[in-house]
Each structure stands twice: as C-alpha cells, then as structure tokens.
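Just below is one structure, and these are the notes that go with it.
Values quoted throughout were computed directly from the atomic coordinates according to the rules given, and no laboratory measurement underlies them. All values reported here derive from a predicted model rather than from experimental measurement. Note that we place each Cβ from the backbone using ideal geometry, even for glycine, and neighbour counts take in every protein chain shown.
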Number of protein chains: 2
Amino acid sequence: MLTNYSLVFQGSNRQKSIVAAIKHAESLCMTENQNFTALRRLVFEIIWENSVPLGAYEVKNILSRKTSKSVDPPTVYRAIEFLMKLGLVTKISALNAFIGCPFPSSTRSNFFMICNECKRVAEVSSSEVDNEIKSIAGKLSFASERQQIEIFGTCVSCKTD
Amino acid sequence: MLTNYSLVFQGSNRQKSIVAAIKHAESLCMTENQNFTALRRLVFEIIWENSVPLGAYEVKNILSRKTSKSVDPPTVYRAIEFLMKLGLVTKISALNAFIGCPFPSSTRSNFFMICNECKRVAEVSSSEVDNEIKSIAGKLSFASERQQIEIFGTCVSCKTD
DNA sequence: ATTAATATGTTATAATATAACATAGTACGG
DNA sequence: CCGTACTATGTTATATTATAACATATTAAT
C-alpha cells in the first residue's frame, strides 16, 4: 500500500513534493511529446498547492489573481483536461473538484480518502483492493478500464479535534 | 458477492424486480415513518424502470410526460434526495445521473460497474472489497462513513458484439 | 516566409443544481 | 370540528458547473 495520507492529514506542508511534482510533470510531458506550457504549469501548480480539491471556478479565480487578468472557463477546463489525460490531476467527481495525483506513475488504480471536516484528500494505492476488483470483474467478464473510488469520512486529525 | 450483473447485462427485462422494489420501498417508508407519496413513487418508478442511470432533467422530462404537466427542477431533486436518503436510489456521480439500488438493505458498501458502450450499470456488493478498504481505513485511523466506487469498462454483452 | 499543427482567447450557451418563498395537504390536540 | 403545526409540493429565480463554436496567436518544420 502506498499513500500520502500522513503527509496530507498530519504533515505541515507540501512544498517539497510540489517541486518534485513539477519536475515529474515536465519530464512526463517531454517523453509524451506534450507541451507543458506556462498556462498548464500554472494550473498544475494551483491544483497541487492545495491538499483540498479545487473546483474549476476556484482554479479560474486563483489563476486570474496570479496572472492579473480575467480568465474564461474554457481556459481552465482545457488545462485541466490536459493534465488529467496525463494522469497528473484527477477529478473527485462527487465534489466536482480537482486534485493532484501524488502517484502519477502507479499502474495500480488508486483511491481517495476525503475528510468531510477539513475537506483534504489523501490518495491510496492498494494492490489488494485493486486485485479484488479485478478478480470480480474477471468473473463477470467485465473489461474494466478506469475506476474511481472515493471514501468519505473523518481523517485522523479531525477525529481527535 | 451479490450482484445483479447478469440481470442487467444479459437479462431481458427488469419488470419483475421493479414490482418487488416498489413493495420494498413502501414497507421501508412505513417502518421509517416516511411518506411514499405519489410523486416520490413516480420518480422511484422512472429511475427503477431503467438500467441506465438517468440525469435529473431526464427524470424531469419523463415525469412531465407521465403526468401531462410541466415539472420544475426542485420537484425532481427533492424526490431524488428523499429516495437517496432511504438508500433506494444512488447517484453515479461521474455521470451526474441516478440509478436504483438493487440491494437497498445490504450493509455492505456496494459498487457499480458501468458499461461505456451501453451505459447500463450493475451493482456489486462484495465483502472482500469492503473489508479491504475498511482495513486500510483502520490502519490510517480514517473513520470512513460513505464510499462511492465506480468501475467503468465494457460489459460482457458489448464485448462480444 | 509559408503552411500545418497546437494552444489560447473570446463569446455564448448548455447542463446541472439549489435557494427562497408561497401554497396546499395532513394529522392531531383541543 | 377548528386551529395549529408539520410535511410536501408548487413556483420563481438564480447559482454552479461545463462545453460548443469560432477567432486569434504561437510554434515548428518545410
């Protein structure tokens, strides 16, 4: 099992991992022959700077502040779509909000633990869960392509508060 | 493991299960002291008649046709909210659409297999997956309350076509 | 320089969802 | 039976989320 759970819910900052994340995004774009433009990098940073998932319009507002000019929805949605295709960002669809993927290169399908109190989201990559689902899909002859697992509850920090 | 997979993806109709579902909904409302009004019953039927999840506005249009009068969004959303609270209907949040829960009384947390081709959705209730997730949550001291698992892929029928 | 491809800007609008208040129906104690 | 409180529905308006369609700009290769 691989997770950023304690970093998200008990760690003090994420700065260090953001630097690494940008590096990773850059090299991924390089190998995929994709253009990590200034705009896309900005959106990536905005989403990654938060352990709370951001709605597209929140990203839009932050982007607008950072660039000191007005930004229209398609600008944001296109950048997010680009990042999602590369697996750098995921949508938490129950929240209509977006969060950075800490393990973009993992081949296992990850899932999210979402704290109802502080709204932060941690990612977990578990081969056990993954295998169990794969096994069920196999038995039913369902060719699974993509999965989205969202667990809502209370994180370790908020529970003790 | 409990599933309506073959009923949904290989069965010819769902009529039989709808009758049982309505009976179940009625008695559930009875014991919960909730009012299974004509409107709520209609919305329940509309959603249950489909193995494809329906958007709220699709429900609205069908409802409007069935009652021969115009229906406003809050009417539909309120009925859906009511049914969801009772566990009779779930939202597939990746689709912004709603589907009946075939195992409303199951204490296990269920998940959905969604065919990208025919759009039908089957529900699976697996204690293995459930336990695995519970175990991870336990290790991380995450008090999980609700979970939403959506598996997208190709069903057995569409694969062979 | 010219073209093709990619990325962004811009305008408009579609699709999904809820707030707030008005009215109607129901249930029950007096 | 009446009045009150509660529940459900009707109605209007608007918030939130997302995309279509077309224009312009940037870039990369010929």
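Note on A:S93, A:S105, B:S127: ascending count of other Cβ atoms within 10 Å places them as A:S105, B:S127, A:S93, the fewest first. The DSSP beta bridges internal to chain B are antiparallel in roughly 70% of cases. Dipole size of region A:6-161 about its Cα centre, with +1 on Lys/Arg Cβ and -1 on Asp/Glu Cβ: approximately 380 debye, rounded to the nearest 20.
What translational D, rounded to a whole number of µm²/s, comes out for region B:2-161 from Stokes-Einstein when the hydrodynamic radius is the Kirkwood one over Cα pairs, at 20 °C and 1.002 mPa s? The calculation lands on 128 µm²/s. When the Gaussian network model of chain B links Cα atoms closer than 10 Å, the mean-square fluctuations of B:A56, B:A79, B:A94 top out at B:A94. Within the straight-line cut-off of under 16 Å between alpha carbons, the aspartates and glutamates reachable from B:K119 are A:E145, B:E49, B:E58, B:E150, B:D161, sequence neighbours fewer than 8 places apart in one chain being disregarded.
Averaged over the residues of A:126-137, the number of partner chain Cβ atoms lying within 10 Å of the residue Cβ comes to 5.
Across the cross-link table entries A:K159/B:K139; A:K23/A:K85; B:K23/B:K85; A:K159/B:K91, which are compared at the Cα atoms, the separations over 20 Å belong to A:K159/B:K91.
Computed over the protein assembly as shown, the percent of Cα pairs more than 29 Å apart is 45.
Out of every Cα-Cα pair that region B:1-76 contains, those further apart than 19 angstrom amount to 46 percent. When the Gaussian network model of chain B links Cα atoms closer than 10 Å, the mean-square fluctuations of B:I47, B:I136, B:I62 top out at B:I136.
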